[in-house]
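Engineer: Provided herewith is a single structure, encoded as structure tokens, for subsequent inquiry.
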Amino acid sequence: MLVVGSITADVTAYSRRLPRPGETVLGYDCSLVLGGKGANQAVAAARAGSPTWLAGCVGRDPFRDIVLSELQAYGVALSQVRTVEGRTGIAHIRVDASGENDIVITPLANASLDTDAVDESIRAVEGEVSLLLLQLEVPVPVSCHAAKAGAAAGLTVVLDPAPAQELPDDVWQHVDIATPNENEASELTGVRVTDVTSAERAASWFLDRGVGHALITLGSAGALSVTATRTRYFPAYQVKPVDTTAAGDAFTGFFAAALAAGLDDGTAIQRGMAAGALATTRTGASPSLPDAAAVETLIRT
Ligand code: ADP
């Protein structure tokens, strides 16, 4: 598959409590790892066994080497990652002892991804991929263009509308599958999604605008899948969560990888859900993404 999306270096500081404005506190740990929804979902897809290209931008700085070597180690193809002037995107995260966090994302190089680069990447992988996976951490016009160009190239277009932001109404007709979580579904549709019934109402919003399949994830409550002909509720796998970061990225990456491998959407949803559940059992974003064997084991047990 081709993933068009963001790449960041995630710098996380862990302290007993978060500092108040103007205050300095001592931390007890810190980490520097690959992040960004595009990169995370590409890693999840590659770990699921799907040949995966990532189209995105990094800057000319030391963070570039760190994020590229992690992507490479996870098996993501880098031929469509462009190095641009300036700095690699950064997510600056603070976490307290209870797991509460706050995050500042500075897109930096991610803001340089443009529609020409997307067209070039789609051309470059033509014949190699059947699916295009998008999120909303690169400029909105670029994501919208990618959906349209991907559909025109005959690719299955999967859009994870995260983080939620207003999109032109005409983008949805190019989206085969949308995978919002409950917050994103609420923000986009105006329906407050709290349970399966409200998720079903939100799903209609997507279908009314031309999306073929609305797949709304509901955290520990599982997921709801709605197409014009079928509505299915999938309960979540039972796990003991320690950190829910990247559950959605694991879900979307594994789901898309299964579809790209030609599996039916019920099986793909099960794989995505098992991957999402496993991602909650480890801390961090990309380091918490499971591999295919762990996902299979959870599904079988
Ligand atoms: P996001 O991380 O985007 O908010 P969700 O929290 O909805 O996404 O998680 C995506 C999927 O991962 C869910 O549909 C579910 O299958 C699985 N998942 C998430 N949290 C849990 C949990 N606490 N227990 C079991 N499965 C979970």
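The values are calculated or read from the model by the stated rules, or taken from the named source; none is laboratory data. Predicted, not measured: the structure shown is a model, and the values here were computed from it. Cβ sites come from the backbone with ideal geometry, for glycine too, and all protein chains shown count toward neighbours.
Engineer: For a quick check of your reading of the model, give me the residue pairs whose first member lies in region 200-226 and is at pLDDT 95 or above and among the aliphatic types (A, V, I, L, M), whose second is part of a loop (DSSP other than H, G, I, E, B) and surrounded by fewer than 16 Cβ atoms within 10 Å (Cβ to Cβ), with beta-carbon atoms closer than 7 Å and at least 6 apart or on different chains.
Structural biologist: Leu207/Ala228
Engineer: Looking at this structure, is Val196 under 21 Å from Met273 (Cα atoms), more than 9 Å from the ligand (Cβ to nearest atom), surrounded by fewer than 21 Cβ atoms within 10 Å (Cβ to Cβ) and not hydroxyl-bearing (Ser, Thr, Tyr)?
Structural biologist: yes
Each row is one residue, and each column tells you yes or no for (1) among the basic types (Lys, Arg); (2) part of a helix (DSSP H, G or I); (3) farther than 17 Å from Leu134 by Cβ.
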residue: Pro19; (1), (2), (3): no, no, yes
residue: Ser31; (1), (2), (3): no, no, yes
residue: Leu34; (1), (2), (3): no, no, yes
residue: Gln41; (1), (2), (3): no, yes, no
residue: Ala45; (1), (2), (3): no, yes, no
residue: Ser69; (1), (2), (3): no, yes, yes
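Engineer: List the strands (runs of 3 or more DSSP E) that sit entirely inside region 207-268 and contain at least 3 residues that are more than 10 Å from the ligand (Cβ to nearest atom) and surrounded by fewer than 16 Cβ atoms within 10 Å (Cβ to Cβ).
Structural biologist: Strands (runs of 3 or more DSSP E) meeting the threshold: 231-234.
Engineer: Same structure again: Out of (1) under 22 Å from Cys144 (Cα atoms); (2) part of a strand (DSSP E or B), the odd one out for Val118 is which?
Structural biologist: Val118 satisfies every listed condition except (2).
Engineer: From the list Asp65, Asp61, which residue is in contact (Cβ under 8 Å) with a residue 12 or more places away in the chain and among the acidic types (Asp, Glu)?
Structural biologist: Numbers: Asp65 fails: in contact (Cβ under 8 Å) with a residue 12 or more places away in the chain.
The unique qualifying residue is Asp61.
For every residue, the table says whether it meets (1) without any contact (Cβ under 8 Å) to a residue 12 or more places away in the chain; (2) buried (at least 22 other Cβ atoms within 10 Å of the Cβ).
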{"position": "Pro107", "(1), (2)": "no, no"}
{"position": "Cys144", "(1), (2)": "no, no"}
{"position": "Ala153", "(1), (2)": "no, no"}
{"position": "Asp170", "(1), (2)": "yes, no"}
{"position": "Gln173", "(1), (2)": "no, no"}
{"position": "Ala185", "(1), (2)": "no, yes"}
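Engineer: Another one. May I ask you to list the residues in region 269-301 that are assigned to a helix (DSSP H, G or I), within 14 Å of the ligand (Cβ to nearest atom) and at pLDDT below 95?
Structural biologist: So in region 269-301, the residues assigned to a helix (DSSP H, G or I) come out as 269-279, 286-288, 292-300.
With within 14 Å of the ligand (Cβ to nearest atom) added as a condition, the list becomes 269-279, 286, 288, 294-295, 298-299.
Those that are assigned to a helix (DSSP H, G or I), within 14 Å of the ligand (Cβ to nearest atom) and at pLDDT below 95: Ser286, Ser288.
Engineer: For residues in region 13-49 being among the small types (Gly, Ala, Ser) and more than 27 Å from Ser112 (Cα to Cα), which is nearest to the chain's Cα centre (by Cα)?
Structural biologist: For region 13-49, the residue satisfying everything is Ala48.
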